[in-house]
Amino acid sequence: MEVFIGMKVYADLHIHSKYSGGSSEKMNIPTLVSYALIKGLKLLGTGDCLNPHWLRELKDDLIHVGGGFYAYRLNPEVLFVVECEVGTVFEFNGKSRRVHHVILMPSLEVAEQLSDVLSRYGDVESNGRPVFNMHPSELVDLVLGVEESCFIFPAHIWTPWWSMFGSFSGVDRVEDCYGDRVDKIYAIETGLSSDPEMNWRVSQLHRFTILSFSDSHSPYPFRLGREACLFNLDKMEYLELINAIKSRDPRRFLMTIEVDPAYGKYHWSGHRNCNVGPLPPEEARKLNYICPVCGRKLTKGVEDRVEELADKPRGFKPENAIPFIKVLPLQTIIAFSMGISEDDISKLNSGKVWSLYANLVSKFGSEFNVLLDAPIDEIAKTSTPLIASYIKNLRYGKYSIKPGFDGVYGRINMFGSSMDLRDFINR
C-alpha cells in the first residue's frame, strides 16, 4: 500500500471581514493570523475579496508566496486563499429564492477582475457579502468566465434563509438552484446546524464533496475555525487544494471538523420572539409549523428540513464518505466548567476563561491539539480535572446539548451522559 506523506493543514475557507454586516471590527489580517495560530489553523479564506475597500487592505497586508496562496507580510505562518461569499436572488416556480455561495479564487488579481464584472449586477462596495439579482447558473458562468480555476459551492445549504435548501427561500434539488451549470459544482457546505451524517441521508448530495467551515464574523477562537477541514497536501498550492476537494482523495482530504449540529442556531424549530422552542421535529409538525403564541410561521429547523428531503435511513453512510469529528469550542467548554453560559459573550472572553485557555494552548500548541490529541491527564494538570473530564467526554460523544433554534445557539446541558456514544472519529 502506498504511504502518502504530505503537509497536514487545518483550513477554514469561509470567513468574513470587518466590511460584512454583523462582523467584528477586529476582523483584519493581523488579528486573524494571531487567532488562527492559537486555534491551529494554517490556511484561511480572506473573506469578502470583492469589496474594494477590503481588497485594498488585502493587497497592502498580504504577499503572494506562490501557487495561489498568500501570507501576512509580518507573519507568514498562516496562509490565505482568496475567498468571498455572495448572494443571488432569483425566481423559481413563481417564488423568489435567495441563496448564498462561496467562491475561491487563485489570486487577488482575479478577485479584482471579478469584482469589476459583478459590480454591473449589484453593489460590491456597501457590504462585504454583496447580493446580485441573477440566477446562480449565471453567477457560475460569470465567475468561471473570469477564471476557470475559480471554485464555487453553495454555502451553509440548510440554513432557513439564504441557502440552497433553506426552508424559507431555498429549493428542493441542486439542479433547481444551479440549472444546467450543476456540473460545475463539486462541493456543498454543511453549515453549523447540520453535519455530514445528516447530509448523507440525501442521496442527491452523494456526488458532492462535503465541506465544513466557520462562516465566522469574529476572530475569536470560539467562532473562527469552529468548523474546518483537515487536508494533507503534497504541495501548498491553490490547485492542489482544489483537486483534493474535487477528487475526495482520502489521502489528501482527511476529515472535517464539525460542531455538534445541535449547537447550531437553527437545528430545531421555534420562534425566538415568542420564546417558543426549541421544538423537536415531531412537535413542530403537530403545530403545522405555526407559532402557538402569535400565529406566524415558525422558523423550521434544519433537522426537519433534512427529514423532508432525505431518502436514506438514519445511519446510512456512502462508500466514499470523508470522516468527521464533532467538537465544541474550547472556550465554551471552559466557561461551562465555571458555570458561564455562552449567551454572555463578555464572560466567554473573561480573564478567568482566557487564562485557562491560554495555559492549555501554550502547553499543547493549539486548540485543536487540546481538543483532539493532548493526553487527558496532562490537560488536567494544566487546567483542572473537571475540564479534562469534559474534554474526554467530548471525544467520545458523552455530552448533551439543548438544540439551537431560530437564531439561538444550542447550549451544553451536561457532560458525562451520552446521547450518542461513539468513537470520536466517525468511521
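The values are calculated or read from the model by the stated rules, or taken from the named source; none is laboratory data. All of these numbers come straight from a predicted model, not from anything done at the bench. Ideal geometry is used to build each Cβ from the backbone, glycine not excepted, and the neighbour counts take in all protein chains shown.
Step by step: first the residues of the range 187-222, then only those that are aromatic (F, W, Y) and within 26 Å of V361 (Cα to Cα), then the one that is nearest to the chain's Cα centre (by Cα). Which residue is that? I'd like the intermediate steps shown before the answer.
At the first step, the residues of the range 187-222 found to be aromatic (F, W, Y) are 200, 208, 213, 220, 222.
Among the residues that remain, those that are also within 26 Å of V361 (Cα to Cα) are: 213, 220, 222.
On the way: F213: 3, Y220: 15, F222: 12 Å.
Only one residue tops the list, namely F213.
May I ask you to list pairs of residues, at least six apart or on different chains, whose Cβ atoms are under 9 Å apart, with the first in the range 11-36 being at negative phi and not assigned by TED's automatic domain parsing to the domain that holds I103 and the second being surrounded by fewer than 23 Cβ atoms within 10 Å (Cβ to Cβ) and at pLDDT 95 or above?
none
Return a yes/no flag: does the range 238-247 have any residue that is touching a Gly at 6+ places or on another chain (Cβ under 7 Å), farther than 30 Å from V182 by Cβ and surrounded by 19 or more Cβ atoms within 10 Å (Cβ to Cβ).
No; the residues of the range 238-247 include none that is touching a Gly at 6+ places or on another chain (Cβ under 7 Å), farther than 30 Å from V182 by Cβ and surrounded by 19 or more Cβ atoms within 10 Å (Cβ to Cβ).
Scan the range 237-255 and tell me whether some residue there is of a type in the set (D, E) and in contact (Cβ under 8 Å) with a residue 40 or more places away in the chain. Outline the logic, then answer.
Taking the range 237-255 first, the residues of a type in the set (D, E) are 237, 240, 249.
Subset that is in contact (Cβ under 8 Å) with a residue 40 or more places away in the chain: 237, 240.
Yes, the range 237-255 contains at least one residue that is of a type in the set (D, E) and in contact (Cβ under 8 Å) with a residue 40 or more places away in the chain.
Yes or no, residue by residue, for (1) in contact with a Gly (Cβ under 8 Å, 6 or more places away or on another chain); (2) surrounded by fewer than 18 Cβ atoms within 10 Å (Cβ to Cβ):
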{"site": "V124", "(1), (2)": "no, no"}
{"site": "D141", "(1), (2)": "no, yes"}
{"site": "G145", "(1), (2)": "no, yes"}
{"site": "A155", "(1), (2)": "yes, no"}
{"site": "R173", "(1), (2)": "no, yes"}
{"site": "I188", "(1), (2)": "no, no"}
{"site": "G191", "(1), (2)": "yes, no"}
{"site": "R207", "(1), (2)": "no, yes"}
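Can you name every residue in the range 373-392 that is in contact (Cβ under 8 Å) with a residue 12 or more places away in the chain and in a helix (DSSP H, G or I)?
Matches in the range 373-392: I376, E378, I379, T382, L386, I387, A388, S389, Y390, I391, K392.
For V110, indicate whether it is crowded, with 18+ Cβ neighbours inside 10 Å, under 26 Å from T190 (Cα atoms), in the same structural domain as F153 (by TED's automatic domain parsing) and in contact with a helix residue (DSSP H, G or I) (Cβ under 8 Å, 6 or more places away or on another chain).
Numbers: crowded, with 18+ Cβ neighbours inside 10 Å: yes; under 26 Å from T190 (Cα atoms): no; in the same structural domain as F153 (by TED's automatic domain parsing): yes; in contact with a helix residue (DSSP H, G or I) (Cβ under 8 Å, 6 or more places away or on another chain): yes.
For V110, the condition - crowded, with 18+ Cβ neighbours inside 10 Å, under 26 Å from T190 (Cα atoms), in the same structural domain as F153 (by TED's automatic domain parsing) and in contact with a helix residue (DSSP H, G or I) (Cβ under 8 Å, 6 or more places away or on another chain) - is not met.
Are any residues in the range 333-391 of a type in the set (D, E) and out of contact with any Ser or Thr (no Cβ under 8 Å at 6 or more places or on another chain), and if so, which ones? Can you show your working first?
At the first step, the residues of the range 333-391 found to be of a type in the set (D, E) are 342-344, 367, 373, 377-378.
Within the range 333-391, D343, D344, E367, D373, D377, E378 meet the criteria.
Residues are listed down the side, and each one gets a yes or a no for (1) among the small types (G, A, S); (2) modelled with pLDDT of 95 or more; (3) in the same structural domain as R248 (by TED's automatic domain parsing):
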| site | (1), (2), (3) |
| --- | --- |
| N288 | no, yes, no |
| V306 | no, yes, no |
| S346 | yes, no, no |
| N349 | no, no, no |
| A374 | yes, yes, no |
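With respect to E308, is the statement that it is loosely packed, with under 15 Cβ neighbours inside 10 Å and part of a helix (DSSP H, G or I) true?
On the way: loosely packed, with under 15 Cβ neighbours inside 10 Å: yes; part of a helix (DSSP H, G or I): yes.
Here the answer is yes, as E308 does meet what is asked.
When the residues of the range 213-226 are narrowed to those that are of a type in the set (G, A, S) and closer than 19 Å to R129 by Cβ, which ends up surrounded by the fewest Cβ atoms within 10 Å (Cβ to Cβ)?
Filtering first and then ranking leaves S218.
Within the range 39-57, how many residues are buried (at least 22 other Cβ atoms within 10 Å of the Cβ) and either part of a helix (DSSP H, G or I) or hydroxyl-bearing (S, T, Y) (or both)?
Of the residues in the range 39-57, 4 are buried (at least 22 other Cβ atoms within 10 Å of the Cβ) and either part of a helix (DSSP H, G or I) or hydroxyl-bearing (S, T, Y) (or both).
Considering every residue within the range 259-269, establish whether at least one is among the basic types (K, R), in a loop (DSSP other than H, G, I, E, B), out of contact with any helix residue (DSSP H, G or I) (no Cβ under 9 Å at 6 or more places or on another chain) and surrounded by fewer than 23 Cβ atoms within 10 Å (Cβ to Cβ).
Just the residues of the range 259-269 that are among the basic types (K, R), to begin with: 265.
Subsequent filtering for residues that are in a loop (DSSP other than H, G, I, E, B) retains 265.
Next, from what is left, pick out any that are out of contact with any helix residue (DSSP H, G or I) (no Cβ under 9 Å at 6 or more places or on another chain): 265.
From the residues that got through so far, the ones that are surrounded by fewer than 23 Cβ atoms within 10 Å (Cβ to Cβ) too are 265.
Yes: the range 259-269 contains one or more residues that are among the basic types (K, R), in a loop (DSSP other than H, G, I, E, B), out of contact with any helix residue (DSSP H, G or I) (no Cβ under 9 Å at 6 or more places or on another chain) and surrounded by fewer than 23 Cβ atoms within 10 Å (Cβ to Cβ).
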